[in-house]
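Novice: Once you've had a glance at the structure underneath, I'll fire off some questions.
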Amino acid sequence: MSLQALETVSFAAPARWLALVGIGEDGADGLTEAAKALVRSAVLVVGGDRHLALAAELIHGKSLAWPRPMTLAFPEIVAHRGRPVVVLASGDPFHYGVGRMLAGIVAAEEILSLPQPSSFSLAASRLAWSLPDLTPVTLHGRPLETIIRHLQPGARILALSWDETTPKTLADLLVARGMGDSRIHVLEALGGPRENVRHAPAAGFDLENIDPLNLIGLEVIAGPDATVLPLAPGLDDALFESDGQLTKRDIRAVTLSALAPRLGELLWDVGLGAGSIAIEWLLRHPAMTAIGIEERPERAARAARNAAALGTPDLRIVEGRAPEALNGLPAPDAVFVGGGFSDDGVFDAVWSALKPGGRLVVNAVALETEARLFALHAQHGGELVRLQVSRAEPVGTMTGWRPAMPVTQWRARKP
């Protein structure tokens, strides 16, 4: 943006007091004249220590390094409302940057954003990869297991690292999952004089002295015995650690269909067990959230291990017995009850907490719970479905069908 264009924006939108300025490793030299003018005129400049150092020659007002957590600086920023404030950010502030958080406290009409190419754009250009054909993720401030859901054969992934240890840790994860032939590209300090791009296979990864400011390009190559998560619901039961309290694969796939997950929704999984329903709910999209309620500590710990192993470490687990453990939880869009539904107060608690239009799905095996479902169906409507699965198993020298216990499923939508 030129100075003339900046003046036009200033006159057209005088309320845009908060400027988000993208800055690269080339520092002030890489900023447009408009961006430089914004930094010079700001009464407050906020950024990471590295950002403030890169722009030090331009800063004339007060500077503030991000505290931990970053939100501690938000009151100071808002206190300057109406006066020129600049927040320095890496590349594009709205691509895995601080822009999203600031847009939650400052109206869009009060923000002026001057982005630069994001580190993902720079990395894609260095590797000659098409951005629409790859998966961008961030491992900065996130568990490494977050990437597991994206490890599909042939996938290309760009992952923002936490620090210099991330590439080796990721390589070890790939080897453990049978993807040791995968190709790892480590792109360091992109866009500046220290830029460096190196390559190594996951198996035998030997790159040393990696810059803490790095991004990983990953080409996934899965071996014949690799652990790959299918994209369809109904994961193999063997993928879950379990004491037997597990919604089996075929019933689980039908249950996920009945829960009908939609973008960004919250699920309560009451009677979490091994966590399979909540985990598969989360796997439908990164924007999904889930809370599992489990009375037994050993099962809660087991569900947490399953969640990490299957790429959903963000599963929130509440230890306690329903309905008491439900108090104070955010209202769900959908509720699944796989155990304890016959306990006093459970239905009333989940039904009252469920958002209007929300879905309730209950699976019952015991006759007593089934009778309860019949009564509730008569009162609240919905659907009753009997699910029966049989598997071919040896019968002497021949083969016969061995039925599993039937499951009665009640599906209801809150008015």
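Yes/no matrix, rows are residues, columns are (1) modelled with pLDDT of 95 or more; (2) more than 21 Å from Glu195 (Cα to Cα); (3) touching a Pro at 6+ places or on another chain (Cβ under 7 Å):
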site	(1), (2), (3)
Ala73	yes, yes, yes
Ser90	no, no, no
Leu112	yes, yes, no
Gln116	no, no, no
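Novice: Of Ser352, Ser342, which residue is of a type in the set (S, T, N, Q) and either under 33 Å from the mean Cα position of the chain (by Cα) or modelled with pLDDT of 95 or more (or both)?
Specialist: Answer to the check: Ser352.
Novice: Let me ask something additional. Out of curiosity, is Leu373 under 30 Å from Arg149 (Cα atoms), aliphatic (A, V, I, L, M) and out of contact with any Gly (no Cβ under 7 Å at 6 or more places or on another chain)?
Specialist: No, not satisfied.
Novice: Okay, moving on. What helices (runs of 4 or more DSSP H) lie completely within region 27-118 and have 2 or more residues being open to solvent by 20 Å² or more (accessible area, probe 1.4 Å) and charged (D, E, K, R)?
Specialist: Per the criteria, 33-41, 49-54.
Novice: Can you name every residue in region 121-136 that is within 18 Å of the chain's Cα centre (by Cα) and either outside any loop (DSSP other than H, G, I, E, B) or not aliphatic (A, V, I, L, M) (or both)?
Specialist: Thr135, Pro136
Novice: Would you call Phe240 open to solvent by less than 30 Å² (accessible area, probe 1.4 Å), among the aromatic types (Phe, Trp, Tyr) and closer than 30 Å to Val365 by Cα?
Specialist: yes
Novice: Right, another one. Name every residue in region 386-414 that is farther than 13 Å from Val337 by Cβ, in contact (Cβ under 8 Å) with a residue 40 or more places away in the chain and either touching a Pro at 6+ places or on another chain (Cβ under 7 Å) or aliphatic (A, V, I, L, M) (or both), in order of residue number.
Specialist: Result: Leu387, Val389, Ala404, Met405, Lys414.
Novice: Among the listed residues Ala278, Ala232, which satisfies the condition of being open to solvent by 20 Å² or more (accessible area, probe 1.4 Å) and small (Gly, Ala, Ser)?
Specialist: Ala232
Novice: Pairs please, first residue from region 135-153 and farther than 23 Å from Pro69 by Cα and free of Cβ contacts under 8 Å to residues at least 60 places away in the same chain, second anywhere and outside any loop (DSSP other than H, G, I, E, B) and open to solvent by 50 Å² or more (accessible area, probe 1.4 Å), Cβ atoms under 9 Å, 6+ apart in sequence or on different chains.
Specialist: Cβ pairs passing all conditions: Thr135/Arg156.
Novice: Is it the case, given these coordinates, that Ser121 is surrounded by 19 or more Cβ atoms within 10 Å (Cβ to Cβ), out of contact with any helix residue (DSSP H, G or I) (no Cβ under 6 Å at 6 or more places or on another chain) and touching a residue at least 40 places away in the same chain (Cβ under 8 Å)?
Specialist: Here the answer is no, as Ser121 does not meet what is asked.
Novice: Give the residues of region 359-379 that are outside any helix (DSSP H, G or I), free of Cβ contacts under 8 Å to residues at least 60 places away in the same chain and in contact with a Phe, Trp or Tyr (Cβ under 9 Å, 6 or more places away or on another chain), sorted by residue number.
Specialist: Result: Leu360, Val362, Ala364.
Novice: How many of the residues making up region 325-374 are of a type outside the set (Asp, Glu) and open to solvent by 60 Å² or more (accessible area, probe 1.4 Å)?
Specialist: Summing the residues that are of a type outside the set (Asp, Glu) and open to solvent by 60 Å² or more (accessible area, probe 1.4 Å) in region 325-374 gives 11.
Novice: What is the residue count in region 248-275 for residues that are of a type in the set (Ser, Thr, Tyr) and either open to solvent by 40 Å² or more (accessible area, probe 1.4 Å) or modelled with pLDDT under 95 (or both)?
Specialist: Adding up the residues that qualify gives 1.
Novice: Considering region 192-215 alone, what residues qualify as being open to solvent by less than 30 Å² (accessible area, probe 1.4 Å), under 28 Å from the mean Cα position of the chain (by Cα) and in contact (Cβ under 8 Å) with a residue 60 or more places away in the chain?
Specialist: Of everything in region 192-215, just one residue is open to solvent by less than 30 Å² (accessible area, probe 1.4 Å), under 28 Å from the mean Cα position of the chain (by Cα) and in contact (Cβ under 8 Å) with a residue 60 or more places away in the chain, namely Leu215.
Novice: Let me ask something additional. If you go through region 312-324, how many residues are open to solvent by less than 30 Å² (accessible area, probe 1.4 Å) and farther than 11 Å from Ile291 by Cα?
Specialist: 4
Novice: Can you find, within region 386-415, the residue that is farthest from Ala331 (Cα to Cα) among those that are open to solvent by less than 40 Å² (accessible area, probe 1.4 Å) and assigned to a strand (DSSP E or B)?
Specialist: The qualifying residue farthest from Ala331 (Cα to Cα) is Gly400.
Novice: For Gly223, which of the numbered conditions (1) out of contact with any helix residue (DSSP H, G or I) (no Cβ under 9 Å at 6 or more places or on another chain); (2) assigned to a loop (DSSP other than H, G, I, E, B); (3) surrounded by 18 or more Cβ atoms within 10 Å (Cβ to Cβ) fails to hold?
Specialist: Condition not satisfied by Gly223: (3).
The values are calculated or read from the model by the stated rules, or taken from the named source; none is laboratory data. Fair warning: this is a prediction, and the values are worked out from it, not measured in the lab. As a convention, Cβ positions derive from the backbone with ideal geometry for all residues, glycine included, and neighbour counts pool all protein chains shown. Note: accessible area is taken over every heavy atom of the protein model, side chains too, but ligands, DNA and RNA are not part of it. Shrake-Rupley method; radii C 1.70, N 1.55, O 1.52, S 1.80 Å.
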